[in-house]
Amino acid sequence: MSSRRDFIKKSAIIGTGLAMSPSLSFGGSDPYKGKKVKVALIGVGLRGTNHLNNVLLRDDVLVTAICDIDPRRIKIALDLMDKAGEKKPKVFGKGEFDYRNLLEMKEIDAVIISTPWLWHTKMAKDSMLAGKYTGLEVSAANTMEECWDLVNTHEQTGSHLMILENVNYRRDVLAVLNMVKQNVFGELVHFRCGYQHDLRFVKLNDGKSAYGKGVEFGEKGISESAWRTQHSLLRNADVYPTHGVGPMATMCDVNRGNRFMSLTSHASKGIGLHNYIVKHGGKEHPNAKLKFKQGDVITSTIETANGETIIVTHDCNLPRPYSLGFRVQGANGLWEKDGDRIYIEGKSKSHRWDASKEWLEKYDHPLWKKYGEHAQGAGHGGMDFFVINAFIESAKRNIAPPLDAYDAAAWSAITPLSEASIENNGEPQDFPDFTRGMWVKRKPYHWIKDTY
Ligand SMILES: NC(=O)c1ccc[n+]([C@@H]2O[C@H](COP(=O)([O-])OP(=O)(O)OC[C@H]3O[C@@H](n4cnc5c(N)ncnc54)[C@H](O)[C@@H]3O)[C@@H](O)[C@H]2O)c1
């Protein structure tokens, strides 16, 4: 009971709206009840701090170390922990490779990595080599070599890697997954998805606050503009595919009875970032002279071994409301997120859409039914609670996570493959089989349960 009191105290202090620790309610017979996972966080920028908030709300986690090269971020993290009544963790960040000293600590079971993309694979690899259960932010890897590095290191060490794709835990996505598993759509045929998010004000800021108006990036920028924008400058590729493709890949059992086979990609011209710079910084601003290589709308079509197609869109440099543009289509009907509509032959009125609301409520996922109320304050509408919950519960048991090293590699491979296809006028690119043939026999993760 004291842990429950502690938890309530922490909830009140942090005030994010979470009102209950999952470990308290996972049933008396849970042999892992009471076990604490010692967690370290590498990178406590905006995303890492969000993860810190969520793990601090659990009574089955001890944060033993944090690492960031920005002392301002370390201070924010330490203040949060202090307010939550937690013991001060060991602090690292004296140089870009100080995280390796953190990884030597015995008092760490699991590591959450939320750093800029070019650090992801290096850090995840080192973390697995150090025997830590590793959680890695999205996208996991930038090149094909890095994709293989994740898989090879996992196989070589036996250490687990979870790609922390929170959109896989979105309420509507999990309800549709439930419908897929219950065969409501019938045999699956086609998917659409993507990352369609106007990030101009994230990629460009004033160097003082993450969303501050301004047109700087790189050394003069702050938060994501310090590193993300460079990818738009130098790469004509879908550099952020996993929010879209992750949920679709899970629905059609990629790497578990199915796999991505090939991809073609096309890029529109890129004018969005330039126009934004001219509008807010003037045409004489030095950044207005830059040529951003990335096309504003990048469209990739993936073919799977089981004959489905998946259209993945990357659209982040033009004015537009946010949408991941999901569509899940099978022999019996389809869900479209844009328009919030569902059509199921024989159930819906002929040639007429149903509003998706009733369907999604009917097939609400057991996890959301159980924890939805408590998850709401955890970030991104609640899905951040579930992704961290799955990570901690898997780490506690040291079992394979729901979204593993093979998923991290296959989903992230869209970046280098789209780049190669665009460079070669849409030439098809083959996906490597990261599972080395195991996809044929690997069983799908048991998604429809109310634990993790
Ligand atoms: N899943 C989601 O919804 C979601 C949302 C936002 C960001 N992200 C991902 O999270 C990651 C971080 O994004 P962010 O928005 O927090 O960016 P950020 O720039 O705010 O934070 C990154 C942090 O990493 C630190 N860092 C950089 N190099 C380091 C090193 N060598 N050692 C230790 N610390 C280092 C920086 O100082 C910074 O504090 C990215 O991969 C991004 O794609 C995911």
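Taking amide hydrogens as modeled 1.01 Å from N in the peptide plane, which residues meet the under 5 Å criterion relative to Val37, leaving out close sequence neighbours?
The list, which skips near neighbours in sequence, is Val61, Leu62.
Which order do Lys291, Lys33, Lys38 take by accessible area at a 1.4 Å probe, largest first?
Highest to lowest solvent-accessible surface, that is Lys291, Lys33, Lys38.
Quick one: Karplus J couplings for the range 343-353, per residue in order, coefficients 6.51, -1.76, 1.60, θ = phi - 60°, nearest Hz, x for Gly and Pro?
Per residue, the Karplus-derived 3J(HN,Hα) values read 9, 10, 4, x, 10, 7, 4, 3, 6, 10, 6 Hz.
Run through the range 233-325 and list the GluC sites (Glu not before Pro) located in a DSSP loop whose Cβ has at most 14 other Cβ atoms within 10 Å. Write out the running numbers ahead of the final one.
Working: sites: Glu284, Glu303, Glu308; in loops: Glu284, Glu308.
The qualifying sites are Glu284.
Keeping all protein chains in place, calculate the accessible area per residue for the chain (probe 1.4 angstrom), answer in Å².
Counting only protein heavy atoms, the per-residue value for the chain is 42 Å².
Based on the alpha-carbon gyration tensor of the range 33-130 and its eigenvalue square roots a ≥ b ≥ c, which shape applies: rounded if a/c is under 1.5, prolate if not and a/b is larger than b/c, or oblate?
Since a/c reaches 1.5 but b/c is at least a/b, the shape of the range 33-130 is classed as oblate.
Carbon and sulfur: what percent of the range 262-325's accessible surface (1.4 Å probe)?
Carbon and sulfur atoms account for 57 percent of the accessible area of the range 262-325.
Give me the percent of DSSP beta bridges within the chain that run antiparallel, rounded to the nearest 5.
Around 55 percent of the beta bridges assigned by DSSP in the chain are antiparallel ones.
Under the rule of at least 5 residues apart or a separate chain, name every residue whose amide H is placed under 5 Å from the amide H of Arg341.
Sorted by chain and number, the residues that satisfy this are Glu336, Ser356.
Express the carbon and sulfur contribution to the solvent-accessible surface of the range 22-180 as a percent, rounded to the nearest whole number, probe 1.4 angstrom.
With neighbouring chains kept in place, the figure for the range 22-180 is 53 percent.
Order the following by accessible area, largest value first: Thr415, Thr143. Probe radius 1.4 Å; ligands, DNA and RNA are ignored.
From most accessible down to least: Thr143, Thr415.
Pairs Lys38/Lys88; Lys36/Lys125; Lys369/Lys449; Lys132/Lys396; Lys38/Lys106: which are spaced more than 18 Å apart, C-alpha to C-alpha? Present the calculation step by step, with values, prior to reporting the outcome.
Values: Lys38/Lys88 13 Å; Lys36/Lys125 24 Å; Lys369/Lys449 11 Å; Lys132/Lys396 12 Å; Lys38/Lys106 10 Å.
Violating the 18 Å limit, Cα to Cα: Lys36/Lys125.
Through the Karplus equation 6.51 cos²θ - 1.76 cosθ + 1.60, θ set to phi - 60°, convert the phi angles of the range 76-91 into ³J(HN,Hα) values in whole Hz; use x for Gly and Pro.
After applying 6.51 cos²θ - 1.76 cosθ + 1.60, I find 4, 5, 5, 4, 4, 5, 4, 4, 7, x, 8, 5, 5, x, 6, 10 Hz.
Could you let me know the centre-to-centre spacing of the range 172-190 and the range 93-151, using Cα atoms, in angstrom?
The two parts, judged by their Cα centres, are 34 Å apart.
The values are calculated or read from the model by the stated rules, or taken from the named source; none is laboratory data. Note that the structure is a prediction, hence the values are computed from the model and not measured. Neighbour counts run over all protein chains shown; Cβ positions are idealised from the backbone, glycine included. Quick note on the areas: whole protein, heavy atoms, side chains included, nothing else; ligands and nucleic acids left out. Shrake-Rupley method; radii C 1.70, N 1.55, O 1.52, S 1.80 Å.
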